[in-house]
Every structure is written in C-alpha cells, then in structure tokens.
Amino acid sequence: MKNPYFGRLLTAMVTPFDATGVNVEAVKKLVEFWLSHGSDGLVVTGSTGEAATMTTEEKKLLWTTVVQQVNGRVPVVAGTGSNNTANSIEMTKLAESCGVDGVLLVGPYYNKPTQEGYYRHFKAIAGSTSCKAILYNVPGRTAANIAPATVARVAKDCPNVVAIKEAAGNVAQVAELYRLLPADFTIYSGDDALILPFLSVGATGLISVLSNIDGGILQQLMQAYEDGKVKEAADLNKKMVPLANAMFLETNPIPVKAAVSLVTGIDCGDPRLPLTPMSEGALEKMKAILKEYGLTR
C-alpha cells in the first residue's frame, strides 16, 4: 500500500455558496485552481467545507460536481462522518455512489464516546463501504481524543482504513501513532503550522487549509524535508507559518473563504450561520499578509 495513500498534499477545500446554495460554477473554477497550485487531492465537505450546515442534497451535488470536474486526475475524499453512526453509514454509501475515492470520518462530536465507542463507530462505517477511509482526530472540535491504540486497533481490523488526519496538535501523539501503526498506514498532519515537526516523527502528508490559496510553499517544504534538506525545510517553514496562522485569525473557515475570494477572484460567498463574515479588523490584517506574500496586489 502506498504512503501517503491519497497523495502528499490534500486541500481541505472551501465550499463556495451563492443565494441558491452551492455555487457549482465557482466549484469547477476552484478545482482547476487547486490542481494547478500544488494539490495532490481534494477533501470535500470537511470542516473547512462547512459540511455541518449543508443539506444532504447539497453534499451530493458537490461530490458529483467535484468528481466530474476532477475526472480522475487526483483522488477526491468526501467528509461523511458525524456523531451519528447510522447517518455516517448512509452518507458514506451516498458518497461512494457519487464516485469519490475515499471518505473522511471525523471522531463523533458532542457524544464524547469511550475508546470502545470510537472503535465500534469506525468499524461499522468501514464495514459498510468499499471506499478507503481516513480517520479524523480533531479534539478541538469534538471535545475528545481518539487514542493511538484505538487507531491501531481500527487499522488492524478494518483493511480499508488507510490513514488518519491527526489534528490534536500533539507531536508526541503522532510519534505514538507512528510507533503503533503499520509502516504503510498514512499519518496526515491536520495542522499546516505543525507539518514540519509532524514529519520529523512519522507523518508523510498534510490535509491543508492553507493550500486553498497557496499549495506551492507546502509542497516545497515537504519535498525539502524528504530530500534531507532539513535547514531548507526549516527556512520554508519559518516563511509559511505566519501565512498559515493568518487563515486562523478567526474560526476556520471564515478567514480562508475570504482569502480564496481575494487571491483567486472567484467569489466564495459568506460562510453560513452560525459563522459570520470576517470582522473588518481581522480582514485588514489578513489582506496585509496576503499582499506581503505576493498573493494579492
């Protein structure tokens, strides 16, 4: 099994909205932008894509649109997990019918299951599909952590679970995942700003917010590290981190949606409530950073 399984840099893509719902034409244009700016694959309807406020029909439309636009050039991974196991199975089957290459399964939020609950949840979803799956550990959104031992147990018992997006912000936890998991199991960093330390303890890829506007610097950083040019990677990291941090001046995806519109000229629309448009002060700060990095004029 290849590692990283879906490619080294996956873009956790924003979802452009207009007055009617998903802006299909904007989606098509953005897919082309991302594929020409460093993305090895696309993650659709994740946290950055505002999946939590999308209807089932909107998700189906988005998955179908992206799959058709990509046309086999890169993998397409659909976020289908939720805190409802039965619903997650239903959405996973629907995404598979739309032609996606993989699914992203977030740890159940709000419920705060035990580790046994995590295991049974993921095992049930994985057993319902032939799609390859990425587990997604993001305690900042779910209020609980998926233990490395649980991930290893799922990987052992579910052959189609091939990767984890690790966004706990804990280098030691990534090191423990690397120790426990098979050599061909992919560990993706879920934090742009932590990709370099995560690479140093076993991660091999990144599911990125920043690559919505600039995947090139991330690819350069990871390639430098892979080539053993650690100082060069550190220098690129030093350059990249302020830009990555600008995407989190307010709750994700508020800043990155505004940034995509500014950088690409493709209108992504406002985020949906309960998220709000970027505050004027934060927007001006982000505009200054984008200009400093040569991404806008």
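The values are calculated or read from the model by the stated rules, or taken from the named source; none is laboratory data. On a predicted model such as this, the values are computed, not experimentally measured, just so you know. Reconstructed Cβ throughout: ideal geometry from the backbone, glycine too, with neighbour counts over all protein chains shown. Ligands, DNA and RNA are stripped out before the accessible areas are found, and what is left, the full protein with its side chains, is counted by its heavy atoms. Shrake-Rupley method; radii C 1.70, N 1.55, O 1.52, S 1.80 Å.
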| said: Any residue in segment 110-134 that is modelled with pLDDT of 95 or more sitting within a Cβ distance under 9 Å of a residue that is in a loop (DSSP other than H, G, I, E, B) and of a type in the set (Asp, Glu)? List the pairs, counting only those 6 or more apart or interchain. | reply: 131/101; 132/101
| Which of the strands (runs of 3 or more DSSP E) contained wholly in segment 1-109 include at least 3 residues that are open to solvent by less than 20 Å² (accessible area, probe 1.4 Å) and closer than 22 Å to residue 258 by Cβ? | 9-12, 41-44
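Identify the residue in segment 239-297 that is charged (D, E, K, R), open to solvent by 40 Å² or more (accessible area, probe 1.4 Å) and part of a helix (DSSP H, G or I) and, among all such residues, is nearest to residue 14 (Cα to Cα). So that I can check it myself, show each step before the final result.
Here is the first cut: in segment 239-297, the residues charged (D, E, K, R) are 239, 250, 257, 267, 270, 272, 280, 284-285, 287, 291-292, 297.
From what's left, open to solvent by 40 Å² or more (accessible area, probe 1.4 Å): 239, 250, 267, 270, 272, 280, 284-285, 287, 291-292, 297.
Now restrict to residues that are part of a helix (DSSP H, G or I): 239, 280, 284-285, 287, 291-292.
Details: 239: 23, 280: 21, 284: 21, 285: 21, 287: 18, 291: 21, 292: 23 Å.
Checked segment 239-297; the qualifying residue nearest to residue 14 (Cα to Cα) is 287.
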| note | The condition from (1) out of contact with any helix residue (DSSP H, G or I) (no Cβ under 8 Å at 6 or more places or on another chain); (2) not in a helix (DSSP H, G or I) that residue 130 misses is numbered (1)
| message | I need every pair where a residue in segment 161-181 that is on the phi > 0 side of the Ramachandran plot has its Cβ under 8 Å from the Cβ of a residue that is surrounded by 20 or more Cβ atoms within 10 Å (Cβ to Cβ) and part of a loop (DSSP other than H, G, I, E, B), sequence separation at least 6 or different chains. | response | 169/191
| task | Could you please find all residues in segment 151-177 being surrounded by 18 or more Cβ atoms within 10 Å (Cβ to Cβ) and closer than 13 Å to residue 105 by Cβ? | result | 151, 154, 155, 158, 161, 162, 163, 164, 165
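Being of a type outside the set (A, V, I, L, M), over 19 Å from residue 140 (Cβ atoms) and touching a strand residue (DSSP E or B) at 6+ places or on another chain (Cβ under 6 Å) narrows it down to one residue among 205, 190, 228, 216; which is it? Let's see the steps before the verdict.
Values: 190 fails: over 19 Å from residue 140 (Cβ atoms); 228 fails: touching a strand residue (DSSP E or B) at 6+ places or on another chain (Cβ under 6 Å); 216 fails: touching a strand residue (DSSP E or B) at 6+ places or on another chain (Cβ under 6 Å).
The match here is 205.
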| field | Residue count for segment 179-205, restricted to those that are over 13 Å from the mean Cα position of the chain (by Cα) and within 25 Å of residue 160 (Cβ to Cβ) | value | 12
| query | Going by the conditions given, is residue 112 outside any loop (DSSP other than H, G, I, E, B) and among the charged types (D, E, K, R)? | reply | no
| message | Please count how many residues of segment 201-221 are open to solvent by 10 Å² or more (accessible area, probe 1.4 Å) and within 21 Å of residue 146 (Cα to Cα). | response | 3
| Between residues in segment 200-218 that are within 14 Å of residue 247 (Cα to Cα) and without any contact (Cβ under 8 Å) to a residue 60 or more places away in the chain and residues that are assigned to a loop (DSSP other than H, G, I, E, B) and open to solvent by less than 10 Å² (accessible area, probe 1.4 Å), which pairs lie under 6 Å by C-beta distance while being six or more apart or on different chains? | 210/247
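If you check residue 224 against the conditions, is it hydrophobic (A, V, I, L, M, F, W, C), crowded, with 19+ Cβ neighbours inside 10 Å and under 23 Å from residue 170 (Cβ atoms)?
On the way: hydrophobic (A, V, I, L, M, F, W, C): yes; crowded, with 19+ Cβ neighbours inside 10 Å: yes; under 23 Å from residue 170 (Cβ atoms): no.
Criteria not met by residue 224.
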| task | Kindly establish whether residue 122 is open to solvent by less than 40 Å² (accessible area, probe 1.4 Å), among the aromatic types (Phe, Trp, Tyr) and over 20 Å from residue 140 (Cβ atoms). | result | no
